Amino acid sequence: MNVRLLAVKTLAPLLCNSGALKYSLQKNLIDCPDNLKPLLQQLCYGSMRYYPQLQCILNKLVSKPIRAKDADIQALLLIGIYQLYKLRIADHAAISETVDVCKSLKKPWATSLVNATLRNFQRQQSQLIEQLCSDNSFKYNHPQWFIEKLKHNWPEQWESILAANDLHPPLTLRTNLSKVSRETLLEKLQSQDIEAKKTEHSEFGIVLQNPTDVTAIEGFSTGEFSVQDEAAQLAAGLVNPQPGEKILDACSAPGGKLLHMLELNQEKTTSFQGLELEQHRADKITENFQRIGLACTLHIGDATNRLWWGEKLFDKILLDAPCSATGVIRRNPDIKLLRKSEDIHSIVKVQKAILQNLWGLLHNGGRLIYATCSIFPQENEKIIASFLRENTNAKHIEINRNWGLSRKHGRQLFPEADANDGFYYAIIEKTDA
């Protein structure tokens with residue numbers, strides 16, 4: 001199977017606003033020979049990481065936009081330009097191998113278009129790049145709406161956020177302290193010639209210096225560690241489960257935060273429950289639990305209603321709210337293509353509905369920990385401010401930590417090179433008022 005054809009099959013649905021990169025790629029990796037899987041991943045993730053720039057270049061090279069029914073040809077052209085622009089593949093090989101895919105797509109008419117477009121870019125690359133440098137979408141490699149929104153919301157941090165979004169994300173592990181200490185795990189990694197260092201803010205985290213197949217690392221199969229970004233590792237400490245408490249992790253897939261709390265509270269009388277909308281996502285949680293050797297009650301249900309609820313109030317609720325995921329673009333670069341400005345408004349409506357519904361499931365004196373992997377205040381501190389205004393029995397609890405940026409409500413983390421993703425946390429307490 002031609003690796004570039006598999007890349008086209010992965011990316012074409014995304015250009016039609018269907019699916020997500022990681023799921024689309026998973027399906028096509030099955031048909032890819034093992035020795036070509038790294039190239040397939042590079043072609044797909046790279047083409048999405050640099051999509052704004054690649055599309056700007058393509059717009060300069062073609063006289064009219066590619067038709068929607070030919071999204072596969074558009075994907076092929078983007079892949080071809082990416083190879084010439086960013087990869088160390090010989091130009092003649094990149095062009096010929098890419099052009100050949102037209103036959104497999106049963107679109108021989110596109111052969112001349114793809115060949116001419118790529119050869120024009122090969123000849124005019126320096127000139128085209130110079131012309132495009134005044135275009136902000138090209139200069140900053142992000143959609144124009146995103147750049148403008150970021151400038152408005154974070155006038156001091158916007159450029160560093162954009163730069164961090166284009167870096168390869170670090171691979172971070174979370175130590176399971178019920179099985180091994182972080183120091184011992186670091187020693188084990190060193191004995192396997194794996195370079196690693198401690199995270200700055202999480203007492204459980206280890207950052208690997210180089211990409212590694214974690215399933216091949218000693219201790220993975222026995223549950224000594226899990227893969228989880230440092231920012232997400234901070235959730236368990238904010239929930240701070242206590243003996244006898246009944247705790248809900250809402251919107252819990254893939255289950256990292258819930259699993260972390262279970263690891264830290266195995267000998268206590270704390271009761272944990274998870275809530276997830278879709279069965280296949282809940283299955284992923286169960287799979288992760290089985291590797292660690294833990295379990296808890298998982299509900300399949302909608303967090304905007306109470307059809308799944310057993311009518312017993314919770315002492316604490318962790319709401320990892322659905323969001324724009326704009327704090328994890330470096331892990332999901334297709335967000336640059338798929339996310340639109342108007343999406344934020346619809347996402348906010350869902351967040352507010354979930355927050356209001358779950359608030360009714362909390363004991364007086366209980367706490368709700370609100371979290372997102374977004375960097376936009378509309379999904380974060382503004383949601384909390386609005387909720388506090390509308391609910392007289394809600395009290396904001398300040399998070400006194402040495403990480404992130406302190407806001408009037410909550411703390412905001414931004415994506416950082418070789419460190420945490422973008423994340424937001426806030427705590428609100430239910431009073432008797």
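The values are calculated or read from the model by the stated rules, or taken from the named source; none is laboratory data. The structure presented is a predicted model; accordingly, all values stated were derived computationally and were not measured. Note: ideal-geometry Cβ built from the backbone for every residue, glycine included; neighbour counts use all protein chains shown. Accessible surface areas use protein heavy atoms only, side chains included; no ligands, DNA or RNA. Shrake-Rupley method; radii C 1.70, N 1.55, O 1.52, S 1.80 Å.
Would you mind finding the one in SER226, SER221, SER252 that is of a type in the set (Ser, Thr, Tyr), surrounded by 14 or more Cβ atoms within 10 Å (Cβ to Cβ) and not in a strand (DSSP E or B)?
SER252
Determine whether LEU355 is open to solvent by 20 Å² or more (accessible area, probe 1.4 Å) and either in a loop (DSSP other than H, G, I, E, B) or modelled with pLDDT of 95 or more (or both).
Values: open to solvent by 20 Å² or more (accessible area, probe 1.4 Å): no; either in a loop (DSSP other than H, G, I, E, B) or modelled with pLDDT of 95 or more (or both): yes.
Here the answer is no, as LEU355 does not meet what is asked.
When you scan region 304-323, how many residues do you find that are of a type outside the set (Gly, Ala, Ser) and touching a Ser or Thr at 6+ places or on another chain (Cβ under 6 Å)? Full working, then the answer.
Within region 304-323, the first condition is being of a type outside the set (Gly, Ala, Ser), and the residues that meet it are 304-309, 311-320, 322-323.
From what's left, touching a Ser or Thr at 6+ places or on another chain (Cβ under 6 Å): 323.
Selection size over region 304-323: 1.
May I ask you to verify whether GLN122 is among the polar types (S, T, N, Q) and surrounded by fewer than 22 Cβ atoms within 10 Å (Cβ to Cβ)? Can you show your working first?
Working: among the polar types (S, T, N, Q): yes; surrounded by fewer than 22 Cβ atoms within 10 Å (Cβ to Cβ): yes.
Against the criterion (among the polar types (S, T, N, Q) and surrounded by fewer than 22 Cβ atoms within 10 Å (Cβ to Cβ)), GLN122 qualifies.
Please work out if ALA417 is closer than 24 Å to LEU171 by Cβ, touching a helix residue (DSSP H, G or I) at 6+ places or on another chain (Cβ under 8 Å) and either open to solvent by 10 Å² or more (accessible area, probe 1.4 Å) or part of a helix (DSSP H, G or I) (or both). Step through it out loud before you land on a result.
Details: closer than 24 Å to LEU171 by Cβ: yes; touching a helix residue (DSSP H, G or I) at 6+ places or on another chain (Cβ under 8 Å): yes; either open to solvent by 10 Å² or more (accessible area, probe 1.4 Å) or part of a helix (DSSP H, G or I) (or both): yes.
The answer is yes for ALA417.
Across region 132-158, what is the total count of residues that are open to solvent by less than 60 Å² (accessible area, probe 1.4 Å), assigned to a helix (DSSP H, G or I) and under 18 Å from PRO52 (Cα atoms)?
11
Have a look at PHE204, PHE146, PHE121 and point out the one that is under 27 Å from PRO377 (Cβ atoms) and touching a residue at least 24 places away in the same chain (Cβ under 8 Å).
Working: PHE204 fails: under 27 Å from PRO377 (Cβ atoms); PHE121 fails: under 27 Å from PRO377 (Cβ atoms).
One residue alone meets the criteria, PHE146.
Got a number for residues in region 313-325 being out of contact with any Gly (no Cβ under 7 Å at 6 or more places or on another chain) and either open to solvent by less than 40 Å² (accessible area, probe 1.4 Å) or at pLDDT below 95 (or both)? So that I can check it myself, show each step before the final result.
Taking region 313-325 as the starting set, the residues that turn out to be out of contact with any Gly (no Cβ under 7 Å at 6 or more places or on another chain) are 313, 317-325.
Then keep just the ones that are either open to solvent by less than 40 Å² (accessible area, probe 1.4 Å) or at pLDDT below 95 (or both); that gives 317-321, 323-325.
Here the count works out to 8.
Can you list residue pairs whose Cβ atoms sit under 8 Å apart, with the first residue in region 326-350 being over 19 Å from ALA303 (Cβ atoms) and in contact (Cβ under 8 Å) with a residue 40 or more places away in the chain and the second being surrounded by 14 or more Cβ atoms within 10 Å (Cβ to Cβ) and β-branched (Val, Ile, Thr)? Count only pairs 6 or more apart in sequence or on different chains.
Every condition considered, the pairs that remain are THR326/ILE335; THR326/ILE375; GLY327/THR372; GLY327/ILE375; VAL328/ILE335; ILE329/ILE335; LYS336/ILE329; ARG339/THR326.
Name the residues in region 420-432 that are at pLDDT 95 or above, over 20 Å from ARG330 (Cβ atoms) and assigned to a loop (DSSP other than H, G, I, E, B), would you?
THR431 - this is the single residue of region 420-432 that is at pLDDT 95 or above, over 20 Å from ARG330 (Cβ atoms) and assigned to a loop (DSSP other than H, G, I, E, B).
Can you find even one residue in region 149-171 that is within 30 Å of LEU264 (Cα to Cα), of a type in the set (Val, Ile, Thr), out of contact with any strand residue (DSSP E or B) (no Cβ under 7 Å at 6 or more places or on another chain) and modelled with pLDDT of 95 or more?
No, because not a single residue in region 149-171 is within 30 Å of LEU264 (Cα to Cα), of a type in the set (Val, Ile, Thr), out of contact with any strand residue (DSSP E or B) (no Cβ under 7 Å at 6 or more places or on another chain) and modelled with pLDDT of 95 or more.
For region 250-293, which residues satisfy the criterion of being among the small types (Gly, Ala, Ser) and farther than 25 Å from GLY219 by Cα? Spell out how you get there, then give the answer.
First pass over region 250-293, keeping only residues among the small types (Gly, Ala, Ser): 250, 252-253, 255-256, 271, 274, 282, 293.
The answer is ALA250, SER271, GLY274.
Please work out if PRO211 is within 19 Å of the chain's Cα centre (by Cα), assigned to a loop (DSSP other than H, G, I, E, B) and more than 11 Å from LEU173 (Cα to Cα).
Values: within 19 Å of the chain's Cα centre (by Cα): yes; assigned to a loop (DSSP other than H, G, I, E, B): yes; more than 11 Å from LEU173 (Cα to Cα): yes.
So PRO211 passes the test.
For region 370-414, name all the residues that are hydrophobic (A, V, I, L, M, F, W, C), under 14 Å from LEU319 (Cβ atoms) and assigned to a loop (DSSP other than H, G, I, E, B). Working first, answer last.
So the first thing to find is which residues in region 370-414 are hydrophobic (A, V, I, L, M, F, W, C), and the list is 371, 373, 375-376, 383-385, 387-388, 394, 397, 399, 403, 405, 413-414.
Cutting the leftovers down to under 14 Å from LEU319 (Cβ atoms) gives us 371, 373, 383-384, 387, 394.
Listed by number, the list holds a single entry, CYS373.
Which of the following residues is in a helix (DSSP H, G or I), open to solvent by less than 40 Å² (accessible area, probe 1.4 Å) and more than 15 Å from CYS56 (Cα to Cα): ILE129, ILE161? Let's see the steps before the verdict.
On the way: ILE129 fails: more than 15 Å from CYS56 (Cα to Cα).
The match here is ILE161.
In this structure, is TYR23 in contact (Cβ under 8 Å) with a residue 60 or more places away in the chain and open to solvent by 30 Å² or more (accessible area, probe 1.4 Å)? First the steps, then the outcome.
On the way: in contact (Cβ under 8 Å) with a residue 60 or more places away in the chain: no; open to solvent by 30 Å² or more (accessible area, probe 1.4 Å): yes.
Here the answer is no, as TYR23 does not meet what is asked.
Cβ contacts < 9 Å: first residue closer than 14 Å to ALA116 by Cβ and assigned to a helix (DSSP H, G or I), restricted to region 73-96; second residue open to solvent by 10 Å² or more (accessible area, probe 1.4 Å) and among the β-branched types (Val, Ile, Thr), any location; separation 6+ or different chain. Result?
Cβ pairs passing all conditions: ILE73/ILE66; LEU76/VAL99; LEU77/VAL62; LEU77/ILE66; GLY80/VAL99.
Can you name the residue in region 262-293 that is part of a loop (DSSP other than H, G, I, E, B) and open to solvent by 30 Å² or more (accessible area, probe 1.4 Å) and is also farthest from LEU358 (Cα to Cα) among such residues? Talk me through it step by step, then tell me what you get.
Initially, region 262-293 is screened for residues part of a loop (DSSP other than H, G, I, E, B), giving 265-270, 277-278, 293.
Checking the rest, the ones that are also open to solvent by 30 Å² or more (accessible area, probe 1.4 Å) come to 266-269, 277-278, 293.
On the way: GLN266: 25, GLU267: 27, LYS268: 25, THR269: 23, LEU277: 14, GLU278: 18, GLY293: 29 Å.
Step by step, filter region 262-293, then rank; the result is GLY293.
Between a first residue in region 1-19 that is within 17 Å of LYS336 (Cβ to Cβ) and a second residue that is open to solvent by 60 Å² or more (accessible area, probe 1.4 Å) and in a helix (DSSP H, G or I), which pairs have beta carbons less than 9 Å apart while being 6 or more apart in sequence or on different chains?
Close Cβ pairs satisfying both conditions: THR10/LYS27; LEU15/ALA68; CYS16/ALA68.
Looking at this structure, is THR184 open to solvent by 50 Å² or more (accessible area, probe 1.4 Å) and touching a residue at least 24 places away in the same chain (Cβ under 8 Å)?
Details: open to solvent by 50 Å² or more (accessible area, probe 1.4 Å): yes; touching a residue at least 24 places away in the same chain (Cβ under 8 Å): no.
Spelling it out, it is not the case that THR184 is open to solvent by 50 Å² or more (accessible area, probe 1.4 Å) and touching a residue at least 24 places away in the same chain (Cβ under 8 Å).
What are the pairs, 6+ residues apart or on separate chains, where a residue within region 36-53 that is touching a residue at least 40 places away in the same chain (Cβ under 8 Å) and farther than 16 Å from GLN74 by Cα has its Cβ under 6 Å from a residue that is assigned to a helix (DSSP H, G or I) and open to solvent by 20 Å² or more (accessible area, probe 1.4 Å)?
Sorted first by the residue in region 36-53, then by its partner, the list stays empty.
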